[in-house]
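S.K.: Attaching a single structure in structure tokens format; questions to follow.
The values are calculated or read from the model by the stated rules, or taken from the named source; none is laboratory data. If you're wondering where the values come from, they're calculated on a predicted model, not measured in any experiment. All Cβ positions, glycine included, derive from the backbone under ideal geometry; neighbour counts span all protein chains shown. The accessibility values were calculated without ligands, DNA or RNA, using every heavy atom of the protein model including side chains. Shrake-Rupley method; radii C 1.70, N 1.55, O 1.52, S 1.80 Å.
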Amino acid sequence: MNGKGQQALQTPPLRASSGIAKRMMQNWELYLFMLPAVVYFAVFHYAPMYGIQIAFKNFIPSKGIFGSEWVGFQHFERFFNSHYFWDLLWNTLSISFYELALGFPLPIILALAFNEIRNGYFKKSVQTITYAPHFISIVVMTGMIISFLSPSSGMLIRGLEALGIDAPQFLNDPAWFKTVYVISGVWQNTGWGTIIYLAALSAVDPQLHEAAIVDGASRFKRMLHINLPTIIPTITILLILNTGNILGVGYEKILLLQNSLNLKSSDVISTFVYRSGLVSAQYSFSTAVGLFNSVVNALMLITVNQIAKRTSATSLW
């Protein structure tokens, strides 16, 4: 091939790159606005990923990451063959699905109900009351739960006993721990979750409701056949994201509510990673467990997204 032919093959990439650079210069304000977020994720999320390799090494701090010995999948095999693997997996999955089944539909129902309220003052008051708990920190929230449910001085326990009801040990009984955890989380986050759906409901065309009223549709039918289909794409996206975090039960709240009596049902993967990594200094083993957790979440996210992509027009990618 002669020199002109080679130059012709090289021209399109050069033109493409120059076109991208030109668009970036034309919209430099938008890229500058996006820069802090890019730097944040690069520094705090992507750069530390080089440490994942200690999951496949016998990490010794004095030798460093690169000087530690490779052990392959030894830590993963240790975790999979341990007697606590299935208990940790069951506790994590049961809490996640319990929270998803109870906490995911409630913001949708609440948003549809708020959208039907015509009294502006009452609507704003109820909205404020429902999403205010979201701003309570986890430490304060667990303190409130303990104050209400403490076997010795809990207000709810004392109230049930005053009514002649034998109150269960909510914080000490393993059978009650998951319910306490999930219901308190739903109370804290349901009101905040309605904001997204209310924003989606604002896109409903009023002419659709006017036409439905002319046809004699009741308020419930209009909500069912106009409002609900409008927010289905939003529901699908949030369901995909929630399902992709099915093993991502946080350790903070569980750790604050955990004790030796409810450990049977409160010990999840995240609390186990905390104990084995930070408390017992088993850095490689805890990294392997955390990596397993992240990989499963990623696979769940991809799987649910592909299902949503094939069954509907809404998906993450």
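S.K.: So for the chain, considering every pair of alpha-carbon atoms, how many percent are separated by more than 35 Å?
M.R.: Value for the chain (Cα pairs over 35 Å): 44 percent.
S.K.: Remind me, relative contact order of the chain in percent, using alpha carbon pairs under 8 angstrom and six or more residues apart?
M.R.: Relative contact order of the chain: 23 percent.
S.K.: With a 1.4 Å probe and all protein chains left in place, how much of the accessible area of the range 74-311 comes from carbon and sulfur atoms, in whole percent?
M.R.: On the range 74-311, the fraction of accessible area on carbon and sulfur atoms equals 67 percent.
S.K.: Explain nothing, just compute: Karplus ³J(HN,Hα) = 6.51 cos²θ - 1.76 cosθ + 1.60, θ = phi - 60°, for every residue of the range 141-158 in order, whole Hz, x for Gly and Pro.
M.R.: 4, 5, x, 5, 4, 5, 5, 7, 10, 4, x, 8, 9, x, 5, 5, 5, 5
S.K.: Please turn the phi angles of the range 129-134 into ³J(HN,Hα) values with the Karplus equation 6.51 cos²θ - 1.76 cosθ + 1.60 (θ = phi - 60°), one per residue in order, whole Hz, x for glycine and proline.
M.R.: Taking θ as phi minus 60°, the curve returns 5, 6, 9, 4, x, 4 Hz for the range 129-134.
S.K.: Taking amide H atoms as placed 1.01 Å from N in the peptide plane, list the residues 5 or more away in sequence, or in a different chain, whose amide H sits under 5 Å from that of V71.
M.R.: Those qualifying (amide H under 5 Å, at least 5 residues apart or on another chain) are K57, N58.
S.K.: Follow-up. Compare the Cα positions of I165, L32, N242 along the charge dipole of the chain (+1 at Cβ of Lys, Arg; -1 at Cβ of Asp, Glu; about the Cα centre) and return the one farthest towards the positive end.
M.R.: Of the options given, the answer is L32.
S.K.: Would you kindly calculate the translational diffusion coefficient of the range 55-166, applying Stokes-Einstein with the Kirkwood radius from alpha carbon pairs, for 20 °C and a viscosity of 1.002 mPa s, and quote it in µm² s⁻¹ without decimals?
M.R.: 108
S.K.: Right, something else. At 0.36 nm per residue, minus the direct Cα-Cα distance, what do M155 and I183 gain on full extension? Give it in nm, one decimal, please. Kindly include the intermediate steps, with their values, before the conclusion.
M.R.: Numbers: separation 28, 0.36 × 28 = 10.08 nm, distance 1.73 nm.
Gain in length upon complete extension: 8.4 nm.
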